[in-house]
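A.B. asks: Can you read through this structure? Questions will come right after.
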Amino acid sequence: MLIQALLVDDSRSALEYMKRQIEAAGDVDAITFTDPLQALAAARHTDIALALVDYEMPHLDGISLIRELRALPHFSDLPIVMITSIESDDVRLRALDAGATDFLSKQQKSLETQVRLRNLVKLGLAIRKLNDRAAHLAWEVAEATRQLQEREEEIILRLALSVEYRDNDTGDHTLRVAKYSRLIAEQLGLPQRLCRDIYLAAPLHDVGKVATPDHILLKPGGLTPEEIAVMRTHTTVGGTILAGSRCELIQLAADIAIAHHERWDGAGYPHRLKGDAIPIAARIVAVADVFDALTTKRPYKEAFPLPIARQQLEDGKGRHFDQACVDAFLARWPEVLTIATAQSLPIANDAPALQPHITMEAPQAAVAAAILSDQPAA
């Protein structure tokens, strides 16, 4: 393994001497500088394993240069040797405090200099190997984590897909809700990890529908009060299925499953939570879920045009929905349209320009109100 050594001395003859000595000590390629500022600039983007620095130099003395080098991330543990003819304890202490590893005297005999340089080269090589090994291990950990996250995502999406197939769907609904939810979370400025977790947990929002009878789940029309009561149990059933996990992602999915039909004004279900008492992930998924239910064809309705669905979200701000979540969703409208129109389910978009307010016909208004209250199988 060939390593690079940084040599800094304002004396050209001293540099040439040190270059010969250190390159004779092992597999070293020495790069030399008479100007410490130029050396520091080069060190920022050069792969250095060992540095030798003179003490007395113009512009920047050796102690200051060592301190600057140590501030560079890749110099934090590399051997840095000060070359000086001064025997002052004060100078040596200040150099050690700045980060010097060792000292070499300019008056040392050639044999001693060669031995000490050889040892320093071995130290530099050993540190380089350790750093390379650490970097490789870090890459392996990152790769294993990436693969684990991919498997985690696949397992969740496939589980959610099984629920959607019961609901006479192809699974596109869960994917769209996941994507819409991530847009909202990102726009709200939530941490990147939480945005990802919401994306993964959102598809499980209706996992409790595995316990909903088919004659209710697939009914092509409005539900009776008794059927509505049964339908609404999918929130508590979903919460029960996902409860008790030590996995933070499943805990988040449980919050979403049980609370995604709560309303900002407290008129939702199952616990009539209000405002900030509703978990933020559930508030986000509530917007995404209702929008997708409105804009896609279901057994009990045709797809609503996108502008009408958007108007429903606008009208529901501060009552049905958290206003911040709706505003975040609408702020990403071009991306919403991309997601909505890229799926295989029929998407209606026959009113491309959003009007100040869109008035629905009575049958449409009734269906929209039913979806918002989860009376049909939404």
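A.B. asks: Within the chain, which is the longest segment containing none of the GluC sites (Glu not before Pro) that sit in a DSSP loop and have at most 10 other Cβ atoms within 10 Å?
C.D. replies: 88-360
A.B. asks: Trypsin sites (Lys or Arg not before Pro), restricted to the range 193-285: which are DSSP loop and have at most 13 other Cβ atoms within 10 Å?
C.D. replies: Qualifying residues, ordered by number: R246, R272.
A.B. asks: Taking loop as defined by DSSP and a crowding limit of 11 other beta carbons within 10 Å, which chymotrypsin sites (Phe, Trp or Tyr not before Pro) in the range 215-321 fit?
C.D. replies: Sparse-neighbourhood loop chymotrypsin sites (Phe, Trp or Tyr not before Pro): none present.
A.B. asks: With Cα extents along the principal axes in Å as the read-out, I listed (i) 71, 48, 39; (ii) 100, 42, 36; (iii) 52, 51, 40; which label goes with the value calculated from this structure?
C.D. replies: Answer by label: (ii).
A.B. asks: Select from A259, I48, L159 the residue farthest towards the positive end of the dipole of the chain; place +1 on Cβ of Lys and Arg, -1 on Cβ of Asp and Glu, and compute about the Cα centre.
C.D. replies: So the residue we want is L159.
A.B. asks: Quickly estimate the mean residue ellipticity at 222 nm for the chain, helices only: each DSSP H run with n ≥ 4 gives -39500 (n - 2.57), and the total goes over all residues, rounded to 500.
C.D. replies: -18500 deg cm²/dmol
A.B. asks: Return the single residue from A95, A160, A267 with maximal mean-square fluctuation; model: Gaussian network over the chain, springs between Cα atoms under 10 Å.
C.D. replies: With Cα springs under 10 Å in the chain, the top fluctuation among A95, A160, A267 is at A95.
A.B. asks: How far, in nm, would the chain grow between D29 and A41 when pulled straight, counting 0.36 nm per residue and subtracting the alpha carbon separation?
C.D. replies: Here the segment from D29 to A41 would lengthen by 2.5 nm.
A.B. asks: Cα gyration tensor of the range 1-54, axes a ≥ b ≥ c as square roots of the eigenvalues: rounded (a/c below 1.5), prolate (a/b > b/c) or oblate?
C.D. replies: oblate
A.B. asks: Can you give the angle from 0 to 90° between the axis of helix 333-342 and the longest principal axis of the chain, with both taken from C-alpha atoms, to the nearest 10?
C.D. replies: Relative to the chain, helix 333-342 is tipped by roughly 70 degrees.
A.B. asks: Convert each backbone phi in the range 318-325 into a coupling constant with the Karplus relation 6.51 cos²θ - 1.76 cosθ + 1.60 (shift: θ = phi - 60°), then list the ³J(HN,Hα) values in order as whole Hz, x for Gly and Pro.
C.D. replies: Ordered by residue, 3J(HN,Hα) equals x, 10, 7, 10, 5, 4, 4, 5 Hz.
A.B. asks: Can you find, among Q147, A24, A178, the residue sitting farthest towards the positive end of the charge dipole of the chain, where Lys and Arg contribute +1 and Asp and Glu -1 at Cβ?
C.D. replies: Q147
A.B. asks: If you don't mind, another one. Amide H neighbours of R263 under 5 Å, at least 5 residues apart or on other chains, H built in the peptide plane: list them.
C.D. replies: Amide H to amide H, under 5 Å and 5 or more residues apart or across chains, R263 pairs with G268, Y269, L273.
A.B. asks: Any chance you could run the full-extension gain for K122 through Q149? It's 0.36 nm times the residue separation minus the Cα-Cα distance, nm to one decimal.
C.D. replies: 5.7 nm
A.B. asks: Highest GNM mean-square fluctuation, the chain, Cα pairs closer than 10 Å: which of A229, A14, A303?
C.D. replies: Largest GNM mean-square fluctuation: A14.
A.B. asks: While we're on this one: For labels at R272 and L72 in the simple 7 Å Cα→Cβ model, what's the distance in nm?
C.D. replies: A separation of 6.7 nm, rounded to one decimal place.
A.B. asks: In square nanometres, what is the average projected area of the Cα convex hull of the range 3-138?
C.D. replies: Orientation-averaged projected area of the Cα hull: 7.7 nm².
A.B. asks: Follow-up question, since we're still on this one. Label D315 and A211 with points 7 Å out from Cα along Cα→Cβ: what is the distance between them in nm?
C.D. replies: Result for the modelled spin labels: 3.4 nm.
A.B. asks: Checking the cross-link filter: which lysines have an alpha carbon closer than 18 Å to that of K301, excluding same-chain neighbours under 8 positions apart?
C.D. replies: Counting by Cα, and skipping residues close in sequence, K301 has these lysines nearby: K219.
A.B. asks: Another question, then. Give me the percent of DSSP beta bridges within the chain that run antiparallel, rounded to the nearest 5.
C.D. replies: DSSP beta bridges in the chain are roughly 10 percent antiparallel.
A.B. asks: Right, something else. If you build a Gaussian network model of the chain, linking Cα atoms that sit under 10 Å apart, which residue out of T145, T46, T174 swings the most?
C.D. replies: The residue that fluctuates most here is T46.
A.B. asks: Could you give the length gained on full extension between A243 and R20, defined as 0.36 nm per residue of separation minus the Cα-Cα distance, in nm?
C.D. replies: Contour length minus the Cα-Cα distance gives 73.3 nm.
A.B. asks: Once phi is turned into ³J(HN,Hα) by the Karplus curve 6.51 cos²θ - 1.76 cosθ + 1.60 with θ = phi - 60°, what whole-Hz value does each residue of the range 250-263 show in order, with x for glycine and proline?
C.D. replies: 5, 4, 5, 4, 5, 4, 5, 4, 7, 10, 6, 10, 6, 10
Quick note: the coordinates plus some simple rules give every number you see, no bench work behind them. Quick caveat: nothing in here was measured; it's all calculated off a predicted structure. Counting neighbours? That spans all protein chains shown, and the Cβs are built from the backbone with ideal geometry, glycine included.
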